[in-house]
Amino acid sequence: MSPKRALHLMKELPEWLDPTPWFPNTESTDKRAIQSAILSENPTERELAMMLSPAAGEFLELMAQRAQAITRRHFGRTVSLYTPLYLSNFCNGGCLYCGIAGDRRAKRAVLDKEQLHHEMQAIKDLHLEELVLLTGERMPEADVPYLRDCVAITAEYIHNVNIEVFPMSEPEYRELADAGCTGVTLYQETYDQIVYEKMHRWGDKRDFFSRLDAPDRALRGGMRTIGMGALLGLADPLHDMLCVYRHAKYLLKKYWKAGVSISFPRIQPQLGGFAADYPIDEKMLAQYIFALRICLPDVPLVLSTREPQRVRDGMAGLGISKMSVASKTTVGGYSDDSEESTEQFSISDERTIPDFCEMLKEKGLEPVFKNWDSTYREPAHYHGTT
């Protein structure tokens, strides 16, 4: 891509996401300034940039202590649990990094209503009360009418029903909210428009700005919560983490009655063999989690079963306040032993719910299966504030 095209892309960013002022601060080597940023009661964006910088890795223990204290102040010793359910892996998208992209030789499957009832009964037997329903990009096999029916069925079993699917229009989000959906998870993947264009070779997902605006449409359409994040490994992680922070702050200000959470997914092995251009090791991941916790003290931070057992054990209650458990990335994975070829990516933490809860209890933490009741499902209609 030409420099002229790159400059054009950057100029199109909304004012709240303009990253230009951050760049000089991510290279800070002033140890006293970094330490002061970590201990600050109200960190600024500049101080967040310092905490994300490579030089701040020297202060990882101090950051961990600060993150833990803040987490306990706002979330106590609790860790909320949820699980994902893949409804379909049909997809026409051209994402280079995804195991179910349209050009992957994956076995395609979609749950019908009877199969979904079986899945929901199996999940209900696990005593979980928060579920995320997932699909690939918009397809005839899994469009909005299909999702509406799936949400309605799921709401018969589970109190808190969320979706992680393709971006929709505001009326479509309202339709799902009316059916019982309470929240949307939607990763921007990367906020670097040049990398974004490279990674999304074709399909609706190629529209960077439609995806960027989707959380606004979801909240205006009646959703109560937004889960967000960047797929770590696609682009410069310092840039993406700063953009995630700015995006979260923007949503929290404009839709102040809504809930916002942040996840930290890293590129994992998947069908197609994509390798991260910016590998994120465990120390870097911990540093980013601690920095975001220090700067967003009351925002739930989420870590999924993408991560190995040792990482999840170490992060539980140490910045992270919410985790997935007993996850399956196959379509129909809870009531059946589905074939591996339907997986989107590999699961790293395969512990059962009792084993995972035992780990939490040994760390002095309390697993929370339900912190939200279905009596509050009436859609919220946020118009935002300026």
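The values are calculated or read from the model by the stated rules, or taken from the named source; none is laboratory data. Computed from a predicted model, the values in this text were never measured in an experiment. No Cβ is skipped: glycine too gets one built from the backbone with ideal geometry, and neighbour counts run over all protein chains shown.
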Seminar exercise, completed: Those residues of segment 81-125 that are touching a Leu at 6+ places or on another chain (Cβ under 7 Å) and closer than 19 Å to HIS200 by Cβ come to a total of 4
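Residues to consider are TYR173, TYR196, TYR191; find the one that is farther than 16 Å from GLY227 by Cα and either in contact with a helix residue (DSSP H, G or I) (Cβ under 6 Å, 6 or more places away or on another chain) or not in a helix (DSSP H, G or I) (or both). It would help to see each step written out before you state the result.
On the way: TYR173 fails: farther than 16 Å from GLY227 by Cα; TYR191 fails: farther than 16 Å from GLY227 by Cα.
None of the others qualify; the one that does is TYR196.
For segment 237-258, state whether one or more residues are farther than 28 Å from SER348 by Cα and of a type in the set (Asp, Glu). Talk me through it step by step, then tell me what you get.
Residues of segment 237-258 farther than 28 Å from SER348 by Cα: 246-247, 249-258.
Those still in the list that are of a type in the set (Asp, Glu) too: none.
Looking for residues that are farther than 28 Å from SER348 by Cα and of a type in the set (Asp, Glu), one finds none in segment 237-258, hence no.
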Problem set entry | segment 166-196 - residue that is buried (at least 24 other Cβ atoms within 10 Å of the Cβ) and β-branched (Val, Ile, Thr) and, of those, modelled with the highest pLDDT | VAL184
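Is at least one residue of segment 109-132 touching a Pro at 6+ places or on another chain (Cβ under 7 Å) and either buried (at least 20 other Cβ atoms within 10 Å of the Cβ) or basic (Lys, Arg) (or both)?
Taking segment 109-132 and keeping what is touching a Pro at 6+ places or on another chain (Cβ under 7 Å), we get 132.
Remaining after also requiring either buried (at least 20 other Cβ atoms within 10 Å of the Cβ) or basic (Lys, Arg) (or both): 132.
Looking for residues that are touching a Pro at 6+ places or on another chain (Cβ under 7 Å) and either buried (at least 20 other Cβ atoms within 10 Å of the Cβ) or basic (Lys, Arg) (or both), one finds at least one in segment 109-132, hence yes.
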Seminar exercise, completed: Those residues of segment 331-370 which are modelled with pLDDT of 85 or more, surrounded by 22 or more Cβ atoms within 10 Å (Cβ to Cβ) and β-branched (Val, Ile, Thr) amount to VAL331
Problem set entry | First in segment 229-240 and touching a residue at least 24 places away in the same chain (Cβ under 8 Å) and part of a helix (DSSP H, G or I), second anywhere and among the small types (Gly, Ala, Ser) and surrounded by fewer than 23 Cβ atoms within 10 Å (Cβ to Cβ), Cβ under 8 Å, 6 or more apart | LEU238/SER53
Problem set entry | Matching entry among VAL260, VAL299 (being assigned to a strand (DSSP E or B) and modelled with pLDDT of 95 or more) | VAL260
For this session: Go through (1) under 17 Å from the mean Cα position of the chain (by Cα); (2) within 25 Å of ILE100 (Cα to Cα) and name the single condition TYR278 misses.
Result: (1)
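Taking THR83 as the residue in question, decide whether it is among the polar types (S, T, N, Q) and modelled with pLDDT under 95. Break it down into steps so the answer makes sense when it comes.
Details: among the polar types (S, T, N, Q): yes; modelled with pLDDT under 95: yes.
In short, yes.
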Problem set entry | Condition check for ALA258: of a type in the set (A, V, I, L, M), surrounded by 20 or more Cβ atoms within 10 Å (Cβ to Cβ) and either touching a helix residue (DSSP H, G or I) at 6+ places or on another chain (Cβ under 8 Å) or in contact (Cβ under 8 Å) with a residue 24 or more places away in the chain (or both) | no
For this session: Filter segment 229-245 down to residues that are surrounded by fewer than 21 Cβ atoms within 10 Å (Cβ to Cβ) and under 14 Å from the mean Cα position of the chain (by Cα), then give me how many there are.
Result: 0
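Being of a type in the set (Ser, Thr, Tyr) and modelled with pLDDT of 95 or more, is that true of even one residue in segment 135-149?
Filtering segment 135-149 down to residues of a type in the set (Ser, Thr, Tyr) leaves 135, 146.
Pick out the ones that are also modelled with pLDDT of 95 or more and you get 146.
Checked segment 135-149: at least one residue is of a type in the set (Ser, Thr, Tyr) and modelled with pLDDT of 95 or more.
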For this session: Return a yes/no flag: does segment 131-150 have any residue that is free of Cβ contacts under 8 Å to residues at least 24 places away in the same chain, under 24 Å from SER80 (Cα atoms) and not β-branched (Val, Ile, Thr).
Result: no
For this session: Count, please, the residues in segment 109-146 that happen to be in a helix (DSSP H, G or I) and in contact with a Ser or Thr (Cβ under 7 Å, 6 or more places away or on another chain).
Result: 5
Exercise. In the list ALA248, ALA291, ALA218, which residue meets the criterion of being modelled with pLDDT of 95 or more, part of a helix (DSSP H, G or I), surrounded by fewer than 23 Cβ atoms within 10 Å (Cβ to Cβ) and at negative phi?
Worked result: ALA248
Problem set entry | Subset of segment 162-171 [in contact (Cβ under 8 Å) with a residue 60 or more places away in the chain and of a type outside the set (S, T, N, Q)] | GLU164
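Has segment 230-243 got any residue that is closer than 27 Å to ASP178 by Cβ and among the acidic types (Asp, Glu)?
For segment 230-243, residues closer than 27 Å to ASP178 by Cβ and among the acidic types (Asp, Glu): absent.
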Exercise. LEU285 fails exactly one of the following numbered conditions: (1) outside any loop (DSSP other than H, G, I, E, B); (2) farther than 25 Å from PHE356 by Cβ; (3) modelled with pLDDT of 95 or more. What is the number of that condition?
Worked result: (2)
